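A.B. asks: Structure below; questions to follow.
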Amino acid sequence: MRSYVAESLGTFWLVLGGCGSAVIAAAFPELGIGLLGVSLAFGLTVLTMAYAIGHISGCHLNPAVSIGLWAGGRFPANQLLPYIVAQVVGALIAGGVLYLIATGKGGFDVTGGFASNGYGDHSPGGYSMFAALLTEIVMTMMFLLVILGATDKRAPKGMAPIAIGLCLTLIHLISIPVTNTSVNPARSTGVALFVGDWAVAQLWLFWVAPIMGAVAGAGIYRYIGLADSEDS
């Protein structure tokens, strides 16, 4: 139970910190943090939580990561569903807190996006559904490769949170214009349900694509990681 609570808290922080930076601070008059700031905010949430709760729950904060770790032989199947539920609950609570904060400003309109992920007319750069699908698959695949590699027992000790946090920052720098960057079904769900309408209608892609990418990344790492172990 402590692991599940830790996952909820960690995912809460990821959504509040990452999506909160996009909703509240990204375009703040004259001092907005912009795309670079939002990307860094997402990376920092993972980095800080990895040090805070990594030793308690593993700090997945993401259903796709949990599924990828299971596919990579690093996580038991019987904990998948409780972890995913805990992550989604944490994301929804964060979405609610962010909504209450954001609506404290006069004129705020949640239909403007609320940091939701989208494609087509709802992609920040107007990218197609195929481009969004491919982006989310590839980015999540690389995320899992970094996670599995950085947490491998042969990797430098104590450095995994930094590598994983910086990887998530880089992923956002690349893909915010395409999908507003998900690579995390819980993060997408946590804000989409407050927007409703198109955000919920397009939410399927931000579950399917990250899970596909995570499984692909896990499969690739199981191959190259095992080969490296055998060669050494």
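A.B. asks: Looking at region 216-226, is at least one residue over 17 Å from Ala71 (Cα atoms) and part of a helix (DSSP H, G or I)?
C.D. replies: No: region 216-226 contains no residue that is over 17 Å from Ala71 (Cα atoms) and part of a helix (DSSP H, G or I).
A.B. asks: Residue check, Phe108 against (1) open to solvent by 50 Å² or more (accessible area, probe 1.4 Å); (2) touching a residue at least 12 places away in the same chain (Cβ under 8 Å); (3) of a type in the set (Phe, Trp, Tyr), all met but one. Which one?
C.D. replies: (2)
A.B. asks: Could you count how many residues in region 86-105 are out of contact with any Ser or Thr (no Cβ under 9 Å at 6 or more places or on another chain) and either open to solvent by less than 30 Å² (accessible area, probe 1.4 Å) or within 16 Å of Val195 (Cα to Cα) (or both)?
C.D. replies: Residues meeting the conditions: 8.
A.B. asks: I need the full set of residues from region 27-39 which are open to solvent by 30 Å² or more (accessible area, probe 1.4 Å) and on the phi > 0 side of the Ramachandran plot, in order please.
C.D. replies: Glu30
A.B. asks: Taking interchain pairs and intrachain pairs at least six residues apart, which have beta carbon atoms under 6 angstrom, with the first residue in region 203-215 and modelled with pLDDT under 95 and the second crowded, with 24+ Cβ neighbours inside 10 Å?
C.D. replies: none
A.B. asks: Name the residues in region 169-197 that are within 19 Å of Val97 (Cβ to Cβ), at pLDDT 95 or above and not in a helix (DSSP H, G or I), would you?
C.D. replies: Scanning region 169-197 gives a single hit, Asn184.
A.B. asks: Follow-up question, since we're still on this one. Step by step: first the residues of region 144-168, then only those that are in a helix (DSSP H, G or I) and touching a Gly at 6+ places or on another chain (Cβ under 7 Å), then the one that is most open to solvent (accessible area, probe 1.4 Å). Which residue is that?
C.D. replies: For region 144-168, the residue satisfying everything is Leu166.
A.B. asks: Could you tell me which of the residues Val85, Val89 is β-branched (Val, Ile, Thr) and closer than 20 Å to Gly18 by Cβ?
C.D. replies: Within the list Val85, Val89, the selection yields Val89.
A.B. asks: A further question follows. Looking at (1) touching a residue at least 60 places away in the same chain (Cβ under 8 Å); (2) open to solvent by 20 Å² or more (accessible area, probe 1.4 Å); (3) in contact with an Asp or Glu (Cβ under 9 Å, 6 or more places away or on another chain), which is the one condition that is false for Gly58?
C.D. replies: (1)
A.B. asks: Turning to a different aspect of this structure: So which residues in region 1-26 are over 13 Å from Leu98 (Cβ atoms), open to solvent by 40 Å² or more (accessible area, probe 1.4 Å) and over 16 Å from the mean Cα position of the chain (by Cα)?
C.D. replies: Met1, Arg2, Tyr4, Val5
A.B. asks: Quick one: which residue in Gly10, Gly73 is of a type outside the set (Asp, Glu) and in contact with a helix residue (DSSP H, G or I) (Cβ under 6 Å, 6 or more places away or on another chain)?
C.D. replies: Only one candidate passes the filter, namely Gly10.
A.B. asks: On to the next question. Of everything in region 31-62, what is farther than 17 Å from Ser3 by Cβ and in contact with a Phe, Trp or Tyr (Cβ under 7 Å, 6 or more places away or on another chain)? Give them in sequence order.
C.D. replies: Thr45
A.B. asks: Run Pro63 past the list (1) modelled with pLDDT under 95; (2) surrounded by 22 or more Cβ atoms within 10 Å (Cβ to Cβ); (3) out of contact with any Gly (no Cβ under 9 Å at 6 or more places or on another chain) and report the number of the one that doesn't hold.
C.D. replies: (1)
A.B. asks: Among the candidates Thr189, Thr179, which residue alone is touching an Asp or Glu at 6+ places or on another chain (Cβ under 9 Å) and in contact (Cβ under 8 Å) with a residue 24 or more places away in the chain?
C.D. replies: Thr179
A.B. asks: Let me ask something else. Somewhere in region 122-142, is a residue farther than 27 Å from Trp198 by Cα, touching a residue at least 24 places away in the same chain (Cβ under 8 Å) and assigned to a helix (DSSP H, G or I)?
C.D. replies: Yes: region 122-142 contains one or more residues that are farther than 27 Å from Trp198 by Cα, touching a residue at least 24 places away in the same chain (Cβ under 8 Å) and assigned to a helix (DSSP H, G or I).
A.B. asks: Could you tell me which of the residues Phe42, Phe75 is open to solvent by less than 70 Å² (accessible area, probe 1.4 Å), among the aromatic types (Phe, Trp, Tyr) and assigned to a helix (DSSP H, G or I)?
C.D. replies: Phe42
The values are calculated or read from the model by the stated rules, or taken from the named source; none is laboratory data. Being a predicted model, the structure only gives us computed values, none of them experimental. Heads up, the Cβs are rebuilt from the backbone with ideal geometry, glycines too, and the neighbour counts pull from every protein chain shown. What goes into the accessible areas is simple: the full protein's heavy atoms, side chains included, and nothing from ligands, DNA or RNA. Shrake-Rupley method; radii C 1.70, N 1.55, O 1.52, S 1.80 Å.
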